[in-house]
1. With the requirement that a residue be out of contact with any strand residue (DSSP E or B) (no Cβ under 7 Å at 6 or more places or on another chain) and assigned to a helix (DSSP H, G or I), what does region 69-86 give you?
2. Looking at (1) loosely packed, with under 13 Cβ neighbours inside 10 Å; (2) modelled with pLDDT of 95 or more, find the lone condition where residue 149 falls short.
3. I'm trying to understand the selection: among the residues of region 101-117, which are in a helix (DSSP H, G or I) and either touching a strand residue (DSSP E or B) at 6+ places or on another chain (Cβ under 6 Å) or surrounded by 15 or more Cβ atoms within 10 Å (Cβ to Cβ) (or both)?
4. So which residues in region 165-196 are in contact (Cβ under 8 Å) with a residue 12 or more places away in the chain and within 16 Å of residue 76 (Cα to Cα), if there are any at all?
5. State the number of residues belonging to region 168-195 that are closer than 20 Å to residue 112 by Cα and either exposed (fewer than 14 other Cβ atoms within 10 Å of the Cβ) or not assigned by TED's automatic domain parsing to the domain that holds residue 96 (or both).
6. In region 87-100, how many are in a loop (DSSP other than H, G, I, E, B) and under 16 Å from the mean Cα position of the chain (by Cα)?
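The values are calculated or read from the model by the stated rules, or taken from the named source; none is laboratory data. Being a predicted model, the structure only gives us computed values, none of them experimental. Positions of Cβ are backbone-derived with ideal geometry, glycine not excepted, and every protein chain shown enters the neighbour counts.
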């Protein structure tokens, strides 16, 4: 036999517990929906401001002049690419005193991070190759042990002969003029440069970046 009195006492407790759980579940459900709606509103707000036409303020003549501008897709021409490559070549291959840190800093706004990482690892080999060109022309009379000591003391300038934009990349022909201890050595070099398109940055408004280089010495 069941004790009906005990059942009557326990059932209200179970019902109260069930109602409390449902109340909590409804509360959390409302909170989740509210958070979702808030997130959607924030995303919508950011999206609107991202594409909102910027306001340009000209204060050059001592008074403020406001111009409402519009976003417009930049059409990149071959001349734009040639100008970009020219600036990159000077930053990459020309220096008064070689420094890996300075070279990486100079090309950072022109290059992808993956290209910079690879180049940074190979720059010491590049220096050794340049120094071997100088040694071959008897510009460096030091012993092999002194070569690394003086590796950073040579300067290099470049003369850009041609820059051609092709389907496979940008092909540039340059002459590297290496000077060491007053002696100059000219070393022709052809470079095939691979470019990629990415988000523009203030220092690179075109949004094109060097992602790889193939060098061929003549």
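1. Residues of region 69-86 that are out of contact with any strand residue (DSSP E or B) (no Cβ under 7 Å at 6 or more places or on another chain), as a first pass: 70-75, 77, 79-80, 83.
Scanning region 69-86 gives 79, 80, 83.
2. That leaves (2) as the condition not met.
3. Let us first name the residues in region 101-117 that are in a helix (DSSP H, G or I), namely 101-107, 113-117.
Residues satisfying the conditions are 103, 104, 106, 107, 115, 116.
4. Answer for region 165-196, where residues must be in contact (Cβ under 8 Å) with a residue 12 or more places away in the chain and within 16 Å of residue 76 (Cα to Cα): 165, 169, 170, 194, 195, 196.
5. Narrowing region 168-195 to residues closer than 20 Å to residue 112 by Cα: 168-172, 191-195.
Adding the requirement that they be either exposed (fewer than 14 other Cβ atoms within 10 Å of the Cβ) or not assigned by TED's automatic domain parsing to the domain that holds residue 96 (or both) leaves 168.
Of the residues in region 168-195, 1 are closer than 20 Å to residue 112 by Cα and either exposed (fewer than 14 other Cβ atoms within 10 Å of the Cβ) or not assigned by TED's automatic domain parsing to the domain that holds residue 96 (or both).
6. 0
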